[in-house]
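Encoded as structure tokens, the structure appears first; notes follow it.
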Amino acid sequence: MRSLDPDHLRSFLAFCEGGTLLRAAQAVGRSPAALTAQMKLLEEAAGGPILERTGRTLALTPLGEVLRAEARSILQAHEAALSRLRGERAEERVALGISHDFADTRLEDCLRGFSTAHPGARLVLHVGTSAYLNRLRDDGALDVAITPGPVTEAEVTGETRLPMEWLAAPDIAEGARPEVLPMALLPPPCDYRTAALAALQARAVAWRVAVESQGLAGLEAALGAGLAVTARTRRWAGARFVTPPADWGLPPLPSLTYRLILRPGSGETPRALARACAALFPG
């Protein structure tokens, strides 16, 4: 029986986080063919298929879900063992997951204060969409999270509501609304996408997906180039983009509730990180 190679597990987790073999291969610096070969070796070690094709996409099998739950703890134990063998001083690892709406504003001040108080901590920072962060939370990979995702047993230490706004480049917003509204969106599942399209459908506003980006950098580029309109928060947009005028007739948008979340049973170091991140929430 083959063993669970740590490099293969890292590639597997990259697939779990990226959703496709191509994005996983890019994340770990391998070709798609090499990554596919690693998945086959993992399947041999696990004793069955871990990926299955559903239509045109790959998804985890039940065995793959079990492996995903175990892979992170295996890798963490592997890294800790190597550190002990090398005689390195053990550092406490703490993982923070945060949405772009908060990471782009004052996060550096929070991290600076936390690092000053806990210089020995090793911070793992994940910045991404709520869907990505919620997957990490489900896998037990986050100690602290700032996300609008659902909360079950986690401890909520802060909460704020951010209004959504229609956003466009200033020169686009100065003109008339297009007959068919071009939208720049993240792929589903996405809370912003769901809310924006539901609002447009309720008002019977014609729309089309002009740009679909895997990340907010692509969304920003699409808006800056005048290709489309999107729905995000003012906190994310800053002064770069403006809300189209009222005569565009765009429907009102809801607010999203963001929460500062601690993993159950967290120790002092994650709690200290959560206290530092609380500065991102209004008092």
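Per-structure values
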| quantity | calculated |
| --- | --- |
| Positions within the stretch 45-62 being surrounded by 14 or more Cβ atoms within 10 Å (Cβ to Cβ), touching a residue at least 24 places away in the same chain (Cβ under 8 Å) and out of contact with any strand residue (DSSP E or B) (no Cβ under 6 Å at 6 or more places or on another chain), in sequence order | Ala45, Ala46, Ile50, Leu60 |
| Selected residue [assigned by TED's automatic domain parsing to the domain that holds Ala103, polar (S, T, N, Q) and surrounded by 13 or more Cβ atoms within 10 Å (Cβ to Cβ)] from Thr243, Thr269, Thr233 | Thr269 |
| Qualifying residue in the stretch 130-140 (condition: under 21 Å from Arg72 (Cα atoms) and basic (Lys, Arg)) | yes |
| Subset of the stretch 164-177 that is under 28 Å from the mean Cα position of the chain (by Cα) and hydrophobic (A, V, I, L, M, F, W, C) - its residue that is farthest from Gly224 (Cα to Cα) | Met164 |
| Answer from Arg208, Arg112 - the residue that is without any contact (Cβ under 8 Å) to a residue 12 or more places away in the chain and exposed (fewer than 12 other Cβ atoms within 10 Å of the Cβ) | Arg112 |
| Pairs with Cβ under 7 Å, 6+ apart, first in the stretch 165-185 and within 16 Å of Pro251 (Cα to Cα), second of a type in the set (S, T, N, Q) and modelled with pLDDT of 90 or more | Glu165/Thr243; Trp166/Thr243; Leu167/Thr230; Leu167/Thr243; Met183/Thr230 |
| Considering residues of the stretch 143-163 that are among the hydroxyl-bearing types (Ser, Thr, Tyr) and either assigned to a strand (DSSP E or B) or under 18 Å from the mean Cα position of the chain (by Cα) (or both) only, the residue modelled with the lowest pLDDT | Thr157 |
| Residues of the stretch 63-74 satisfying the condition of being surrounded by fewer than 16 Cβ atoms within 10 Å (Cβ to Cβ), closer than 13 Å to Arg10 by Cα and not small (Gly, Ala, Ser) | Glu70, Ile74 |
| Tabulated pairs, the stretch 65-92, first at pLDDT below 75, second of a type in the set (Asp, Glu) and surrounded by 13 or more Cβ atoms within 10 Å (Cβ to Cβ), C-beta under 9 angstrom, 6+ apart or interchain | Ser83/Glu91 |
| Restricting the stretch 236-262 to residues that are among the hydrophobic types (A, V, I, L, M, F, W, C) and part of a loop (DSSP other than H, G, I, E, B), the residue that is farthest from Ala145 (Cα to Cα) | Leu250 |
| Some residue of the stretch 263-281 being assigned to a strand (DSSP E or B) and either farther than 27 Å from Leu200 by Cβ or modelled with pLDDT under 85 (or both) | no |
| Residue in the stretch 160-180 that is surrounded by fewer than 16 Cβ atoms within 10 Å (Cβ to Cβ) and closer than 24 Å to Ala272 by Cα present | yes |
| Some residue of the stretch 243-261 being modelled with pLDDT under 85 and not charged (D, E, K, R) | no |
| Unmet criterion (only one of (1) over 17 Å from Asp171 (Cβ atoms); (2) at pLDDT below 90; (3) within 20 Å of the chain's Cα centre (by Cα)) for Arg232 | (2) |
| Close pairs (7 angstrom Cβ cut-off, 6 or more residues apart or separate chains): assigned to a helix (DSSP H, G or I) in the stretch 115-142, hydroxyl-bearing (Ser, Thr, Tyr) anywhere | Ser130/Ser99; Ser130/Thr147; Leu133/Ser99; Leu133/Thr147; Asn134/Thr147 |
| Qualifying positions in the stretch 52-65 - more than 20 Å from Leu142 (Cβ to Cβ) and either among the small types (Gly, Ala, Ser) or not in a strand (DSSP E or B) (or both) | Gly55, Arg56, Ala59, Thr61, Pro62, Leu63, Gly64 |
| Test for Pro189: is it over 25 Å from Pro148 (Cα atoms) and either surrounded by 14 or more Cβ atoms within 10 Å (Cβ to Cβ) or not hydroxyl-bearing (Ser, Thr, Tyr) (or both) | no |
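The values are calculated or read from the model by the stated rules, or taken from the named source; none is laboratory data. Because the structure is predicted, anything quoted here is derived from the model rather than measured. Cβ: placed from backbone, ideal geometry, glycine included. Neighbour counts: every protein chain shown.
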